[in-house]
Amino acid sequence: MPTLVAPAIPSGALASTGQPVLPVGADALLRPWLLTDASAVREAFRDPAIQRWHVRRADSVAEAQGWIEAWQSEWPSETGAHWALVDPADDTLLGRVALKSFALHDGTAELAYWTVPSARGRGLCTRAATVVTQWALYERGFHRIDLGHATANHASCRVAEKAGFEAEGIRRRAWLHADGWHDVHVHARVRQD
Ligand SMILES: CC(C)(COP(=O)(O)OP(=O)(O)OC[C@H]1O[C@@H](n2cnc3c(N)ncnc32)[C@H](O)[C@@H]1OP(=O)(O)O)[C@@H](O)C(=O)NCCC(=O)NCCS
């Protein structure tokens, strides 16, 4: 069936190039995931804060490898892009930033992130989220990046604000976590911002 509007991002435009490595200043780098990151991912998911807001834990390195394989598969299928945030000096895992749920026709995606406890509180997540968002909006044709967090997750809200994501409203009782239903604060950055 013919479409009446050309897509914001033509099919194949992303996968025809490799997923990029994105510098985040002198102390961090975003690179595609490697299966050898699995131990560090498993360790990160021992953190109660990551478990609380991501609603899962890894019980084995093999399980974490399965997550990484799923993250790796999204770039070639143009459904998402997932990066490991690492220290460029020694490749230590500092966190994760992802663009999920690509909708190429509308040029939209959804930002997600976590940082390991030892990397928090120095602006790292904000800088990495900003780098990924600017890459998507100004280099790769995305038009709007969504970001949602539980209203009780105040640190995530600060990251969203500092990275320039305007607050748009509340989705009431939209996420089920171990402690019950959570309202979700909806933010977004659009290319015109
Ligand atoms: C949310 C998270 C990614 C932030 O990572 P980070 O690298 O520390 O982020 P930044 O340093 O860029 O910014 C954190 C901001 O939150 C603030 N903050 C931290 N804890 C807070 C709290 N309990 N209440 C309010 N603000 C808080 C910090 O003060 C900082 O803001 P400031 O620069 O105005 O002082 C990290 O805490 C994390 O991984 N948490 C667990 C997983 C998670 O919540 N992921 C997001 C799911 S939507």
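The values are calculated or read from the model by the stated rules, or taken from the named source; none is laboratory data. These numbers come from a predicted model, not from an experiment. Reconstructed Cβ throughout: ideal geometry from the backbone, glycine too, with neighbour counts over all protein chains shown. Note: areas computed on protein heavy atoms with side chains; ligands, DNA, RNA excluded. Shrake-Rupley method; radii C 1.70, N 1.55, O 1.52, S 1.80 Å.
For region 127-145 versus region 47-124, the inter-centroid distance based on Cα atoms is 16 Å. Using 0.36 nm per residue and subtracting the Cα-Cα separation, the extra length available between A26 and L4 on full extension is 3.4 nm. Restriction of the GluC sites (Glu not before Pro) in region 77-175 to DSSP coil positions whose beta-carbon has at most 11 other beta-carbons within 10 angstrom yields E139.
Taking each residue as 0.36 nm, the span from E78 to I170 lengthens on full extension beyond its C-alpha to C-alpha distance by 30.3 nm. Counting only DSSP H runs of at least 4 residues, each contributing -39500 (n - 2.57), and dividing by the residue count of the chain, the helix-based mean residue ellipticity at 222 nm comes to -8000 deg cm²/dmol. Modelled spin-label separation between Q51 and E69, with each label point placed 7 Å from Cα along the Cα-to-Cβ direction: 2.5 nm. The fraction of accessible area contributed by carbon and sulfur in region 22-144 is 52 percent, rounded to a whole number (1.4 Å probe; ligands and nucleic acids excluded). Label sites at D90 and Q134, each approximated as a point 7 angstrom past Cα along Cα to Cβ, lie 2.9 nm apart. Calculated accessible area for the chain comes out at 50 Å² per residue, all protein chains present (probe 1.4 Å; ligands, DNA, RNA ignored). Model label sites at S118 and W181, defined 7 Å from Cα along the beta-carbon direction, differ in position by 4.1 nm.
Shape class for region 1-141, computed from the alpha carbon gyration tensor (a ≥ b ≥ c): prolate, with a/c not under 1.5 and a/b above b/c.
Going 7 Å from the Cα of H143 toward and past its Cβ, which residues in region 160-193 have a backbone nitrogen under 13 Å from where you end up? Only 190-192 fall inside the zone, counting backbone N under 13 Å.
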